[in-house]
1. Can you quote the Å³ per residue value for the convex hull of the Cα atoms in the chain, rounded to an integer?
2. Cα centroids of segment 14-50 and segment 96-144: how far apart, whole angstrom?
3. Please report, as a whole percent, how much of the solvent-accessible surface of segment 2-117 comes from carbon and sulfur atoms (probe radius 1.4 Å).
4. Using a probe radius of 1.4 Å on heavy atoms only, what accessible surface per residue do you get for segment 95-226? Whole Å² is fine.
5. Given a 1.4 Å probe and every protein chain left where it sits, what share in percent of the accessible area of segment 127-225 is carbon and sulfur?
6. Show which lysines lie in cross-link reach of Lys101 when reach means a straight Cα distance below 25 angstrom and same-chain residues fewer than eight apart are skipped.
7. Which of the lysines could a cross-linker span from Lys200 if the Cα-Cα distance has to be under 24 Å and same-chain partners fewer than 8 positions apart are dropped?
8. What does DSSP give for the chain in terms of the percent of beta bridges that are antiparallel, rounded to the nearest 5?
Amino acid sequence: MRLLLVEDEARMAALLKRGLAEEGYAVAVAGDGRSGLAMAQSSEFDLILLDIMLPGIDGFTIARRLREGGIRTPILMLTARDAAPDVVRGLDLGADDYLTKPFSFEVLLARIRALLRRGPAPHQVQLTAGPLRLDPASHLVFRAAEQVSLTRTEFLLLEFLMRRAGQAVPRATLIEGVWGYDRDVESNTLDAFIRRLRSKLEGDSGTKLIHTVRGVGYLLRAGGEE
Ligand code: CA
């Protein structure tokens, strides 16, 4: 597996490179934004570890340019700033996950494994189900002509259900698909997110889009018509 590490702090980069190499990854290092972007554009990697604060071009811009250029390599952002807007911005621009520095190396490895399992994002096509339209590239969701504002987790949950529209998706599959790796997610958490998703998507329209399948999980109606 080939990883690209874009990190300007030389000590950090060397440490990560050595640790990752010991785990069997081939790691290329870019020490600034410009060379990071160039390497990511010109060479095939299985994953990009992307620092946000970089000389030259910052990590946000790199993520956006790669996605705009159709490069779907998974991106794990490394951020020293844990401010929520930063993280959301990174994810909106096309990053797949983030880690706040300082992080444990074990956690980094777990996140890398999870992203590699998921592989490159599938070719981005808009998903539709009834009145819903979801654009995986821009992370925008519309109900009819109206944009629906979702949190990252709500978005992932909806995307997971839309990709399986018309099928009853087991609870465990949903939890694994949305929260994934090594995280204990209570069943209640899933229900809470489904409730919020329903209220955002269905409002008081009277149209039920997400259905509970007793003893199994949830189903998003494929057609959406009552
Ligand atoms: Ca930095």
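The values are calculated or read from the model by the stated rules, or taken from the named source; none is laboratory data. As the structure is a computational prediction, the values presented were derived from the model and not from experiment. The area values use the complete protein model at the heavy-atom level, side chains included, leaving out ligands, DNA and RNA. Shrake-Rupley method; radii C 1.70, N 1.55, O 1.52, S 1.80 Å.
1. Taking only Cα atoms, the chain has a hull volume of 126 Å³ per residue.
2. Rounded to whole Å, the Cα centres lie 20 Å apart.
3. Of all accessible area on segment 2-117, carbon and sulfur atoms account for 51 percent.
4. I get 53 Å² per residue for segment 95-226.
5. Carbon and sulfur: 46 percent of the exposed surface of segment 127-225.
6. Lys17
7. The reachable lysines, counting only those whose Cα sits under 24 Å from Lys200, are Lys208.
8. 50 percent
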